[in-house]
Each structure stands twice: as structure tokens, then as C-alpha cells.
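Working notes, beginning with the structure itself.
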Amino acid sequence: MQDKFDLVVIGTGTAGSTVASQCRAAGWSVAVIDSLPFGGTCALRGCDPKKVLVGTAELLDFSRRLLEKHTVKGKLAIDWPELIRFKQSFTNPVPKEKESSFEKVGIKSLHGRAKFVDANSLEVAGQRLTARFIVIAAGARPASLGIPGEEHLINSTQFLELERLPTEIAFVGGGYIAMEFAHVAVRAGARVAILHRGPRVLEGFDPDLVSSLSDRTQELGIALHTGTTVEAIEKSGPKLVVHARREVKKTSFTCDLAVHAAGRVPDIDDLDLERAHVEREKRGVKVNEYLQSVSNTAVYAGGDAAATDGMPLTPVAGYDGKVIAANVLTGNHVKAEYDAIPTVVFTIPPLASVGMAEGTAKKNGFRFRTNHMEIGGWYSSRRVGERTAAFKVLVEEGSERILGAHLLGPAAEETINLFALAMRKAITASDLKQVLFAYPTHASDVQYMA
């Protein structure tokens, strides 16, 4: 059996759902395919459920900080099983609701793993689909570590489903996943270690702010082992033994649970891309500025499955979906641009960044001033009992253009959006200083940072 469509989309996450819905609204015949529950990473096993856990940990941390100030009495504790049930109240309805929303507008839904047959055709669950355009928005999966005992690791999806939080947890890797989950787990009562092969955690963020966050992380009791390469995982009775090497010295860590947090890769290995003459690289499908495959004009790719300059973030995936929809509907005319996109590590306190890093600005020859300060003593930090707070803002000499902003501390995840807006709309540092912000708010601190 063979069905013909104007568009077939592989993946039902943010990028895939966006392009599918917009093309269907234009009157196209559309089908979507997913081998996982409909809804994608963010809604089901990524940013949304993670933020539910973080929200509870934030409340606990806030109460403990104020307890130190003797302004509250009594100690709170996280009820992990109830927290997971609360999280599931957000995630469990998503697949059915997503599929129903597709059905309501006339988008055909198929479950299974898609494989290319030729340049314009796919096969899924024994059914062949032919389309004028095919969009690859399959997202990402945990990278294979290629070490003995890797099967003993759980991934971030499984961590978010734990009915009971083990006593001792080791995170393999030192990026977003490790730091965010570690900050939640330690506040829920676990003993936590992070094993990272690089010289510092969160390598894509400002090193000075990461240093401050790392100090706070270790104060919480989280053991940070940088320069530590994990070489094997061994089962030892009810425990796991993580074997690692630090320079030339071998070491090991015993834990109840080991979590894979060492990066993700595009989930496209088994799509048989070569049958459709779709070229790929390590970062994903090779695409041009219109997010069209460089080797097959009928194929587009977006989100984590595409090799672009965009970060693997939900807003970027949604943006990619809009770009692809515009280009398949009316021909290539919208170029993907990834300037001034903010990103946040939802630790407690959070770390946020937008634009250039200080090292990048120097390397590219920009003349700029660096406004950098630890602000744990500022009113906005003191009133919530948070000692760990800092900022670093890069302002170009002469033009007063903001090149980059890096924030650590309470509400950094919200305040960073003001800098992103300023950078996108060419609002200068001088302009920000003239704004009369509501006070006292975290946003009112911006005029002193610029």
C-alpha cells in the first residue's frame, strides 16, 4: 500500500509539529511519523518536566536560605514520589492530546520507525509514503559512550521517571543535564557526584560565572570531578562501580545509580539517509541556509536533527519549523539566522547566557569593555538570601552595542531575555541605562549591568 502526501514529517516535537501544522493550515496533505510517544523531547522528557522538578527544588532552597536568616520556621522536604506524580500530570496527557490535535485538523499520524526508500519515499510499519517534501525533525538521543558496562547507565528520560530517588548518584558528564539534575537530586537528599572529562563543567558558558556556580555546587555537597574520564561501569551486587581515569591515575566511584549526561546526538542513524541521497555529518543532516538538504532538494531538516549554527534548544526548533514551513510552501526565501538566542542552565541559582563569550569577542578583534561583578551583596540577591550571583556584560566601544550578556543568580533565566531583546532590536547599553524599570525587581538591575 502506498499513500501520497504533499508533506511527510519525521518527528512530532516542536520543529516537526510546527511545520506540519503550518503546512496543513495552508491546505496541504500532511502526515507525521514518530517511533516514540507523540509530543517530542521538550514536552515529554526534557525541558518541561525538568522545570517541574526544578520548581520544587527552588522552593525548598528558598525556604532553607530564609531559615538561615531566621525569617521562617520549620524545615521542608521533597516528597520524591509525589513530585514525580505531579510531573506526570503534565507529561502523561501530552501524547494523546498531540495526536488528537493532528487528527482534528486532518494530519495523518503514523507510529513506527521511518526509513527512506528513495529520494521522495519512506516506509513505516510496512506502509510506504511518497511526498513532495519530507522534513527530518527526529530530535536527538543520548550519545553512545562506547565503554564496557554502558548498559548500566540510565538516561535523562529514565531519571525523570524514577519512582524512588537512590541514595548515591553519579552523573557521567558535566553539561546541562548533569548540573540541573544534580541540583535537584542533592536537595532531595541524595549524595551526588559529577564525573566530567573536561577541565570544567558547562564548558559553553562564561568561565568566571561557571567558577562561582561550581563553588556553590560543591558547597551543597555535590562532588565535582573534572578531568575525569569514565572508562567502564561495573555491577557489584546492588551497587554500581564507575571506573575512571584522572590523568594517569585510575580511580573508581561506588553508587546506587549512574546517569548518562555526556551529550546527545541526532537521532537519524537508522533512517537509511543514503537511499535518499541525504548527506549528513556529526551534527546532523547537512542543510543550506534555507534548512534544505544540500544533496536532496525534496528534504528539509530542523531542530536537533539538522547541522546548523542553532543551539539544541526548544525555541530554536520552533523557529526552524517556521523557516521550513515558509520555504516549502512558497519556495526558498527565508534564511535561518541564529543571532542573540538566550540559553539557561536551570541550576539553583540559574546560569544564563546570550551572545558572544568574552574569549570569542577578543578572538574576533572586537574593541569592548567588560562589565563584570559579583552581586551576591546587591539588594535583589540579599532579600532572597542568595549569596551566589554575578554578571558579565560585553559592550562594544563606540557603538555601545551589547555583544554578550552572562548572568548568574536569582531570576537570571528571566532577566537574560531583556538582553536578548536588546541585542535583537539593536537597543544599546546607553539606551538600557535610560529605561525606568519597575522597582524593586530583578529587571531594574539591568541598567547597572549594561
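Readers should treat all values here as calculations from the given coordinates under stated rules, not as data from a laboratory. Quick caveat, the model's predicted, so the values are computed rather than measured. Virtual Cβ from ideal backbone geometry, glycine too; neighbours counted across all protein chains shown.
Computed values, structure above
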{"read-out": "Conditions (1) under 29 Å from G174 (Cβ atoms); (2) free of Cβ contacts under 8 Å to residues at least 12 places away in the same chain; (3) among the hydroxyl-bearing types (S, T, Y); number of the one not met by T330", "value": "(1)"}
{"read-out": "Qualifying positions in the range 405-419 - hydrophobic (A, V, I, L, M, F, W, C) and over 19 Å from the mean Cα position of the chain (by Cα)", "value": "L418, F419"}
{"read-out": "Residue check for A422: over 18 Å from the mean Cα position of the chain (by Cα), buried (at least 23 other Cβ atoms within 10 Å of the Cβ) and in a strand (DSSP E or B)", "value": "no"}
{"read-out": "Residues that are within 25 Å of V210 (Cβ to Cβ) and either in contact with a Cys (Cβ under 6 Å, 6 or more places away or on another chain) or β-branched (V, I, T) (or both), drawn from the range 309-346", "value": "T314, V316, I341, T343, V344, V345"}
{"read-out": "Subset of the range 388-409 (residues that are in a strand (DSSP E or B) and without any contact (Cβ under 8 Å) to a residue 40 or more places away in the chain)", "value": "L394, E396"}
{"read-out": "Scan of the range 50-77 for residues that are assigned to a loop (DSSP other than H, G, I, E, B) and without any contact (Cβ under 8 Å) to a residue 12 or more places away in the chain, ordered by number", "value": "H70, T71, V72, K73, G74"}
{"read-out": "Positions within the range 364-390 being under 26 Å from A426 (Cα atoms), surrounded by 16 or more Cβ atoms within 10 Å (Cβ to Cβ) and in contact with a Gly (Cβ under 8 Å, 6 or more places away or on another chain), in sequence order", "value": "A390"}
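Residue by residue, here is whether (1) over 30 Å from V242 (Cβ atoms); (2) surrounded by 16 or more Cβ atoms within 10 Å (Cβ to Cβ) holds:
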residue: D118; (1), (2): yes, no
residue: A125; (1), (2): yes, no
residue: R132; (1), (2): yes, no
residue: G139; (1), (2): no, yes
residue: G146; (1), (2): no, no
residue: L153; (1), (2): no, yes
residue: S156; (1), (2): no, yes
residue: F159; (1), (2): no, yes
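To keep it simple, each residue is scored yes or no on (1) of a type in the set (D, E, K, R); (2) part of a loop (DSSP other than H, G, I, E, B); (3) in contact with a Gly (Cβ under 9 Å, 6 or more places away or on another chain); (4) buried (at least 24 other Cβ atoms within 10 Å of the Cβ).
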position: V9; (1), (2), (3), (4): no, no, yes, yes
position: A20; (1), (2), (3), (4): no, no, yes, yes
position: G27; (1), (2), (3), (4): no, yes, no, no
position: V32; (1), (2), (3), (4): no, no, yes, yes
position: D48; (1), (2), (3), (4): yes, no, no, no
